[in-house]
1. Are any residues in the stretch B:129-152 over 19 Å from the mean Cα position of the chain (by Cα) and away from chain A (no Cβ under 14 Å), and if so, which ones?
2. Just to be sure, is A:Glu110 touching an Asp or Glu at 6+ places or on another chain (Cβ under 8 Å), without any contact (Cβ under 8 Å) to a residue 60 or more places away in the chain and away from ligand 2 (no atom under 16 Å from the Cβ)?
3. Residues A:Glu41, A:Glu93, A:Glu50: which one is over 17 Å from the mean Cα position of the chain (by Cα), more than 10 Å from chain B (Cβ to nearest Cβ) and away from ligand 2 (no atom under 16 Å from the Cβ)?
4. Just wondering, is there one or more residues in the stretch B:154-170 that are away from chain A (no Cβ under 13 Å) and either out of contact with any Pro (no Cβ under 9 Å at 6 or more places or on another chain) or buried (at least 19 other Cβ atoms within 10 Å of the Cβ) (or both)?
5. Do we have any residue at all in the stretch B:222-233 that's within 19 Å of the chain's Cα centre (by Cα), within 23 Å of B:Leu53 (Cβ to Cβ) and either assigned to a helix (DSSP H, G or I) or without any contact (Cβ under 8 Å) to a residue 60 or more places away in the chain (or both)?
6. Tell me whether the stretch B:126-147 contains one or more residues that are over 25 Å from B:Ile201 (Cα atoms), buried (at least 17 other Cβ atoms within 10 Å of the Cβ) and in contact (Cβ under 8 Å) with a residue 40 or more places away in the chain.
7. Among A:Leu189, A:Leu165, A:Leu184, which is of a type outside the set (Lys, Arg) and within 14 Å of chain B (Cβ to nearest Cβ)?
8. I need a count of the residues in the stretch A:61-88 that are near ligand 2 (Cβ under 9 Å from one of its atoms) and part of a loop (DSSP other than H, G, I, E, B).
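The values are calculated or read from the model by the stated rules, or taken from the named source; none is laboratory data. These numbers come from a predicted model, not from an experiment. Here the Cβ positions follow ideal geometry from the backbone for every residue, glycine too, while neighbour counts run over all protein chains shown. Accessible surface is based on the protein model in full, side chains and every heavy atom, while ligands, DNA and RNA are left aside. Shrake-Rupley method; radii C 1.70, N 1.55, O 1.52, S 1.80 Å.
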Amino acid sequence: MDYVPHSQIPGHKVKQTGAVSLKGIKKQFNFKDRELKVLSEFSLDVQPGEFVSIVGPSGCGKSTLLRLIAGLDDTYDGTITLDGQRVAGTSLERGLVFQDHRLFPWMTLEDNIALALTNRQISKDAKAKLVADHIALVGLKGFEKAFPHQLSGGMAQRAAIARSLVNEPKVLLLDEPFGALDALTRVHLQGELQRIWLAQGSTMIMITHDVEEALYLGDRVVVMQANPGRITHTVDVNLPHPRDRASPVLHRLKDEILAELTNVPEAPNSVVRLIKGDDQ
Amino acid sequence: MTLKTLNLNAFKPVWLLGLIPPVLFLLWWDHEAAKGGANALAFVSLAQVGQALIDMFSSGELALSYGSSLGRALSGLLIGGGIGTLVGIAMGLSKPVEWAASPIYNSFRQVPILGWLPLIGLWFGSGDLSKLIIVALSAFYPTVLYTFEGLKQVEARLLDVGRVYRLNGWQTFWRIQWPAALPSIFTGLFQALAFTWISTIGVELLFSSGAGLGAMMQQAQLQARLDIVLVCILFVGLTGFAINFLIKRLSQHVLSWRSVRA
Ligand SMILES: Nc1ncnc2c1ncn2[C@@H]1O[C@H](COP(=O)(O)OP(=O)(O)O)[C@@H](O)[C@H]1O
Ligand SMILES: [Mg+2]
């Protein structure tokens, strides 16, 4: 556990739990007459408290990968462990934020977040406090009784983040959490997520199609390619948090990643898509 | 000042327009009735209908018939709708139940409700039990269908959220599947209400023994009492209207979380 990427931040809680290890993951979908290889020999070690960004063209298996770690899909080869324990089924230790907020439209914001605590063996008061604290954490105080249709896209996504954090998971998985938001809201929420991560100190694995976002937030950026989905690059971002968007280092790394992506000869289409996705 | 003007503008009683056709119709009707002669057989004057209403009201006849029809419709709705919802839930949640129940449900549904009358009449006679069975059946079909469809259409993406937070079967049903299916279940309830009221009157007309608005109409027809028939029709129509209104308000209230923006 010598990897302490943001130890420079005073007061930051570095957790000693939340190590995610993926070894030789192979995943395919079987259809009647053919099989689709989605992930092949995917291996990755994530340190406790680390923030890892994963970028890659659409269809390269990013969402599939997160579903495997979350435990929503158990049919794969290889091993996934959290703190040395093999992952089986879903668990409150592994939080998941979907690209769409997936709040239940028939529940108030408060009830949506409280739903995550349904099976926690703690008192009613403790639950209420956790819910209130996390609503405050994502800056939604005053909207406790609002229904999802009364929230903007950015607010709904904040609520979804609060819901996924209320169980204080060891690792938080984020699947393109800001992909559906407008550019300004996105930049704003990236800053918020960084603040939350610094405050909570849990491990985070975030998927994005935005190289800049990946670099701004990640201690490490993992670059994937499609058919089958695999890691082609890993970039360490040795900058303290919170970061300055204008940092020349980030710009250099961005150019580097994009240049490397455009040089991958066997999948030119996906690279074009990735670059397009970056500035859309 | 401006507020007042705004309020006046906002108050546009469009529903008053809905009163124009029936008023015109009644004027025409009374005109025909006043002609007398051969017309007198087909039309009775409004005054006569009004007198019949007063007579039936004061003799308690109307209350008895109306109460018994309403009671039949409501108990049929409760029994048929209740069982229908349970069957729909079982079919929606369990594949084996769906496979076992679908063929028989779908073939029985093809028989018009009143098509069961001869069979039910032979088995159970033409008393209250037979009537109740028919009415309950008419509530049963739509409730099964819409409860089942509603549960089938719950999206996997919502169920995944339940899995992430480790909800058990009962929690998943109560917190996710049931509320997600509720709009469809209400559509079924709407239909069930309309069908129970129609089949209540229909079955009373056909099994015309005992109390009820339908039976009263049947007897009035035999005695050529057109005024009584008309009073009955009036009550049947108004009740159907009221039922629809109530269920609409109820569903708006329960489904208030839905919005145009959602
Ligand atoms: N449940 C599924 N059944 C069959 N194919 C699937 C399923 N889920 C994903 N796929 C396929 O797997 C590939 C990777 O999908 P996904 O993980 O969603 O990619 P990404 O998130 O990187 O865009 C795609 O080709 C997709 O069509
Ligand atoms: Mg995806």
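1. Step one: list which residues in the stretch B:129-152 are over 19 Å from the mean Cα position of the chain (by Cα), which gives B:129, B:148-152.
Residues satisfying the conditions are B:Leu129, B:Phe148, B:Glu149, B:Leu151, B:Lys152.
2. yes
3. So the residue among A:Glu41, A:Glu93, A:Glu50 that is over 17 Å from the mean Cα position of the chain (by Cα), more than 10 Å from chain B (Cβ to nearest Cβ) and away from ligand 2 (no atom under 16 Å from the Cβ) is A:Glu41.
4. Among the residues of the stretch B:154-170, not one is away from chain A (no Cβ under 13 Å) and either out of contact with any Pro (no Cβ under 9 Å at 6 or more places or on another chain) or buried (at least 19 other Cβ atoms within 10 Å of the Cβ) (or both), which makes the answer no.
5. Yes, there is a match, as at least one residue in the stretch B:222-233 is within 19 Å of the chain's Cα centre (by Cα), within 23 Å of B:Leu53 (Cβ to Cβ) and either assigned to a helix (DSSP H, G or I) or without any contact (Cβ under 8 Å) to a residue 60 or more places away in the chain (or both).
6. yes
7. Working: A:Leu189 fails: within 14 Å of chain B (Cβ to nearest Cβ); A:Leu184 fails: within 14 Å of chain B (Cβ to nearest Cβ).
None of the others qualify; the one that does is A:Leu165.
8. Qualifying residue count for the region: 1.
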